[in-house]
Amino acid sequence: MEKLIITAAICGAEVTKENNPSVPYTVKEIGEEAEKAYKAGASIIHLHVREDDGMPTQSKDRFKACIDEIKRRCPDVIIQPSTGGAVGMSNEERLQPIYLNPEMATLDCGTCNFGGDEIFVNTENTIKEFGEKMIELGIKPEIEVFDKGMVDMALRLAKKGYMKSPMHFNFVMGVNGGISATPRDLVFMAGSIPEGSTFTVSGIGRHQFPMAAVSIIMGGHVRVGYEDNVYLSKGVLAKSNSELVEKAVKLAKELGREIASPAEARQILGLNK
Ligand code: KMH
Ligand code: ZN
């Protein structure tokens, strides 16, 4: 089986220091968490950035500062900025980090409920706009899908030229409003993408490691980190994202998957920059 790509989603836009005091906000904290996650075995850092007070931002300058800090500490790690940002941001705001020319960026392929009154909005025209821009700039999208219909949307738009093959998907499973985090649903999702595609799985909350285990067995890849889950085990907060990466590495070793280096991850994902 292909080596396992571990993505560390180190900070997200919603989780706060109230949820776990080691959620990184500042440039230095983000750099430190990225470095620890990388040293533990992550080859991709999925990046959101914050102001020093924790406020999520998509500011190009703030992304540049964080990317520079991460590259200084771990030059070969793959940095994947979010274009999802936080609920309520405009498309223009969300797209800012792609103008820093990253190798990858996320491309969210549908609208979904996001808890309470929150709705994460991605209209068809938004997806087309983001997809077109990423093709123009030579950025490989990680296609974020929170439900099966979003896979179908991505496939339909790929046929129209808004995304290229081979496609790489992130199945985000267990969001209130998205597909549930069950092995049955993961088999359904993985069976719905074209041959030659790759996928990673982000299990939300307590589903992080059970879904990681299923993905490892199926030949998929894994995302862990505070964006999706702040606990190392029931009732025990992780002290760093690196503890979550270490746990994924341990699972992979037990299940017979080797861990991909960033260079190997680039090969698997066909990154060409
Ligand atoms: N923060 C969510 C609203 C992405 O990174 O592209 C969107 C999100 C997805 O996290
Ligand atoms: Zn994200």
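The values are calculated or read from the model by the stated rules, or taken from the named source; none is laboratory data. Everything quoted here is computed from the prediction, not taken from an experiment. All Cβ positions, glycine included, derive from the backbone under ideal geometry; neighbour counts span all protein chains shown.
Only one of T83, T57 is within 16 Å of ligand 1 (Cβ to nearest atom) and crowded, with 22+ Cβ neighbours inside 10 Å; which?
Matching residue, one of T83, T57: T83.
Considering only residues that are away from ligand 1 (no atom under 16 Å from the Cβ) and either polar (S, T, N, Q) or in contact with a Phe, Trp or Tyr (Cβ under 8 Å, 6 or more places away or on another chain) (or both), which ones fall in the range 204-220?
Matches in the range 204-220: R206, S215, G220.
Does A105 satisfy being of a type in the set (A, V, I, L, M), more than 15 Å from ligand 1 (Cβ to nearest atom), outside any helix (DSSP H, G or I) and within 21 Å of S261 (Cα to Cα)?
Judged against the criteria, A105 is not a match.
Grab the helices (runs of 4 or more DSSP H) fully contained in the range 199-273, keeping just those with 1 or more residues being of a type in the set (F, W, Y) and more than 11 Å from L4 (Cβ to Cβ).
Working: elements: 208-218, 241-254, 262-269.
Where helices (runs of 4 or more DSSP H) fall fully within the range 199-273 and carry at least 1 residues being of a type in the set (F, W, Y) and more than 11 Å from L4 (Cβ to Cβ), they are 208-218.
List pairs: first in the range 12-25 and within 16 Å of K239 (Cβ to Cβ), second among the aromatic types (F, W, Y) and more than 14 Å from ligand 1 (Cβ to nearest atom), Cβ under 8 Å, 6+ apart or cross-chain?
These pairs meet every condition: K17/Y25.
Name the pairs whose Cβ atoms lie under 7 Å apart, with the first residue in the range 88-116 and farther than 20 Å from N170 by Cβ, the second assigned to a loop (DSSP other than H, G, I, E, B) and at pLDDT 95 or above, and 6 or more positions between them or separate chains?
E93/Q58; E93/G85; Q96/Q58; Q96/S59
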